[in-house]
1. Select from segment 183-218 the residues that are part of a loop (DSSP other than H, G, I, E, B) and without any contact (Cβ under 8 Å) to a residue 24 or more places away in the chain and write down the one among them that is most open to solvent (accessible area, probe 1.4 Å).
2. So Arg10 ticks every box in (1) in a helix (DSSP H, G or I); (2) closer than 28 Å to Ser124 by Cα but one. Which box is left unticked?
3. Looking for something of a type in the set (Gly, Ala, Ser) and touching a Gly at 6+ places or on another chain (Cβ under 6 Å) - is there at least one such residue anywhere in segment 144-155?
4. Consider Leu189 carefully, then state whether it is closer than 20 Å to Leu86 by Cβ and within 27 Å of the chain's Cα centre (by Cα).
5. Going by what's in this entry, would Gly111 be described as touching a helix residue (DSSP H, G or I) at 6+ places or on another chain (Cβ under 6 Å), touching a residue at least 24 places away in the same chain (Cβ under 8 Å) and over 21 Å from Ala49 (Cα atoms)?
6. How many residues, within segment 168-182, are open to solvent by 30 Å² or more (accessible area, probe 1.4 Å) and either without any contact (Cβ under 8 Å) to a residue 24 or more places away in the chain or out of contact with any helix residue (DSSP H, G or I) (no Cβ under 8 Å at 6 or more places or on another chain) (or both)?
7. Starting from segment 13-35, take each residue that is at negative phi and list its partners that are assigned to a helix (DSSP H, G or I), counting only C-beta distances under 9 angstrom and pairs at least six apart or across chains.
8. State which residue pairs qualify: first residue open to solvent by less than 20 Å² (accessible area, probe 1.4 Å) and inside segment 59-82, second residue of a type in the set (A, V, I, L, M, F, W, C) and outside any helix (DSSP H, G or I) in any location, beta carbons under 8 Å apart, and separation of 6 or more residues or different chains.
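The values are calculated or read from the model by the stated rules, or taken from the named source; none is laboratory data. On a predicted model such as this, the values are computed, not experimentally measured, just so you know. Because the Cβ atoms are built from the backbone with ideal geometry, glycine has one as well, and the counts that use them run over all protein chains shown. In case anyone asks, the SASA skips ligands and DNA or RNA and just uses the protein heavy atoms, side chains included. Shrake-Rupley method; radii C 1.70, N 1.55, O 1.52, S 1.80 Å.
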Amino acid sequence: WGVIFSRSPRVGFVIVFSLTILLLGSVVAAYAIVGRYIAVTELSSANAAFSAGDLNAANNASQSAISFSPNAAAYQIMAGVARMRLNEVIASSTMPAAEAQQAFQAALSAGINAALTATNIAPSDYKNWITLGDLYAMAVPLNVSGAYDNAKTAYDKTAVLNPTNPEIQYIIAQLNIANKNNKAAEDNLKAAIALKQDYTAAIFLLSQLQVQAGKVEEALSSA
């Protein structure tokens, strides 16, 4: 079927315009597909590097994945890298105090930003909120202002999204212990045990709190 544009300029314009739009759409679609493929490949590399303990490679691969296709999983890995670095700073006995403080603040800030972004991308995934809560919780023993409240808010959100998971109540109990609120921690542990009757870790921790509170008979019963 042939169309002579000089005889039908309007038809010719419509055809050329449509083909141009189709071409542009194809280019955009191809770019998106290739970008998503590269992002998945980089995310796989980030997971492998993180599992192997190569934090720099995991962080770089995650950033590369995000540059092609932002996703919550990549931000979770970045938050996990930050958490591992925080543990390294805490465990270090040779790092000068000023350097350790600076490194801790930098890692904490990077981790929280990554975790917050993950919760914005996938707010219904409870794992993102646990990751965020864990990072804030690491600052609670250091009496960082707002750390406990932010961690508790994140964990409470997790409990709403996954109410039948006893581990969440156990994590909140640990947070309350770090905040020196053993009474609240006992309530959390009892809630965890109610969800899972044979939750040994929660029962053992509850018995320890009961001993500290002088509840000998209850502690013996738990033990």
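1. Checking each candidate, the answer is Gln197.
2. Of everything listed in (1) in a helix (DSSP H, G or I); (2) closer than 28 Å to Ser124 by Cα, Arg10 misses just condition (2).
3. Within segment 144-155, one or more residues are of a type in the set (Gly, Ala, Ser) and touching a Gly at 6+ places or on another chain (Cβ under 6 Å).
4. Spelling it out, it is not the case that Leu189 is closer than 20 Å to Leu86 by Cβ and within 27 Å of the chain's Cα centre (by Cα).
5. So Gly111 fails the test.
6. Residues meeting the conditions: 2.
7. Once the first residue is at negative phi and sits in segment 13-35, its partners that are assigned to a helix (DSSP H, G or I) give Val34/Phe68; Gly35/Ser67; Gly35/Phe68.
8. Going by the 8 Å Cβ cut-off, the qualifying pairs are Ala72/Ala122.
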